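See structure below.
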Amino acid sequence: QVQLVESGGGLVQPGGSLRLSCAASGRSIKVNSWAWYRQAPGKQRELVARISPGGITNYAASVKGRFTISRDNAKNTVFLQMASLKPEDTAVYYCNVFSSSSWPWGQGTQVTVSS
């Protein structure tokens, strides 16, 4: 059974940092490009960052220079290191393959940036 479990979210002050993890089970992640997405209340889900099987990364303009996506194929896990967080980064964060054929979505992890 294919499953994605996101973790690492929480409440953080502006300027703070968080590291999100996405643990995959039931299938290896290594052949796919992976991405982190986020959805803020009342908004559509948006692509935040993606990483190719070879480690090439791309970022949304809003997070470039602040977020870093990485992957550990041996641990079947994708990470998102977030720094210099802003209130507008508040959202539920999800990971999934960067493909038209997504895996079943996980529950996401809530990130709240507030003083």
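Structure values in brief
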item: Sequence of LEU11, LEU47 when ordered by accessible area, the most exposed leading, probe 1.4 angstrom; result: LEU11, LEU47
item: For the range 1-109, convex hull of alpha carbons as volume per residue, Å³; result: 97
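The values are calculated or read from the model by the stated rules, or taken from the named source; none is laboratory data. Computed from a predicted model, the values in this text were never measured in an experiment. Areas reflect the complete protein model, heavy atoms only, side chains present, ligands, DNA and RNA absent. Shrake-Rupley method; radii C 1.70, N 1.55, O 1.52, S 1.80 Å.
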